[in-house]
1. Going by how many other Cβ atoms sit within 10 Å of their own, how do 228, 205 line up, fewest first?
2. Which whole-angstrom value gives the distance between the alpha carbon centres of region 108-178 and region 205-223?
3. Cut-off is 10 Å between beta-carbons; in what order do 60, 281, 243 appear when sorted fewest neighbours first?
4. In whole Å, what are the extents of region 167-272 along the principal axes defined by its C-alpha atoms, from largest to smallest?
5. For region 160-207, how big is the tail of P(r) above 16 Å, as a whole percent of Cα pairs?
6. Which of 183, 258 comes first, and how do the rest follow, when ranked by fewest Cβ neighbours within 10 Å?
7. If you take the Cα atoms of region 95-248, find Rg, then find the Kirkwood Rh from the mean of 1/r over all pairs, what is Rg/Rh?
8. Efficiency by 1/(1 + (r/R0)^6): what FRET value for residue 67 and residue 300, r their Cβ-Cβ distance, R0 = 30 Å, to the nearest 0.05?
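Since every read-out is calculated from the coordinates, none of them should be taken as a lab result. Because the structure is a prediction, the values reported are computed rather than measured. Here Cβ is always computed from backbone atoms with ideal geometry, including for glycine, and neighbour counts include all displayed protein chains.
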Ligand SMILES: [Zn+2]
């Protein structure tokens with residue numbers, strides 16, 4: 001419950017390897033991003049049934065959708081796109097989007113196996129989105145908020161200049177209009193292809209949040225599976241209140257990198273919501289069906 005917890009980002013950064021996603025991380029991201037909401041369909045008649053990644057049982061897709069993409073058997077919280085998240089969180093039809101047209105440039109002319117701009121264009125075509133973030137005004141149980149949702153289906157939800165700028169503008173609008181700010185994080189970390197530009201977004205978003213905090217703003221951070229890398233090391237951990245979905249992967253660097261760096265064995269599940277709740281990094285684990293009511297309770301409590 002500590003808004004000035006700026007220490008959690010930088011201190012994590014000091015004790016861990018640099019917050020740059022490695023090529024391996026990013027390819028894992030790319031794979032993971034392709035698998036969101038589709039991985040469950042492998043080998044299964046398209047569209048009707050879903051295989052739960054938690055309990056491996058087949059479930060009728062409609063039923064899972066009605067259950068907010070949570071498995072009705074084992075309560076596994078499946079990953080959802082930003083669009084679906086917004087639909088789940090806000091009062092129906094209340095989303096008033098801004099900055100939808102903001103799209104990435106390629107100041108570095110970055111090319112790995114493929115030019116960055118080509119990758120971006122492919123992903124844009126596939127997702128119909130310009131980048132990995134949606135921001136806008138909306139209502140949660142009648143309370144007006146500014147909402148920012150990361151989209152893991154776009155480039156593994158990685159944070160480049162556009163994501164950083166959209167978050168910063170969302171914070172500034174919340175400040176200007178004295179509205180509660182909600183950011184749902186779901187990200188593989190910094191976007192390697194934007195290199196230093198991507199890393200600067202950590203400082204930029206953190207500074208904007210510090211100004212928002214100074215102005216008495218309320219920021220509720222919601223951590224969804226996965227929240228990692230530079231996102232964890234900046235705005236995701238700076239909430240006045242930090243909620244996490246059950247069993248979400250939340251961490252800075254991957255377990256293998258940490259184990260190699262500190263040369264110690266790591267406890268099981270040390271990067272889950274549950275572990276972070278125990279160690280005080282997360283304030284509450286909230287089931288997806290309770291997110292709306294928990295958010296509105298905090299807003300009322302903070303008198304916003
Ligand atoms: Zn299940």
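1. 205, 228
2. 18
3. So the ranking, lowest neighbour count to highest, is 60, 281, 243.
4. 47, 32, 19
5. Result: 40 percent of Cα pairs exceed 16 Å.
6. Ordered from fewest to most neighbouring Cβ atoms within 10 Å, 183, 258 come out as 258, 183.
7. Answer for region 95-248: 0.96.
8. For residue 67 and residue 300, the calculated efficiency is 0.70.
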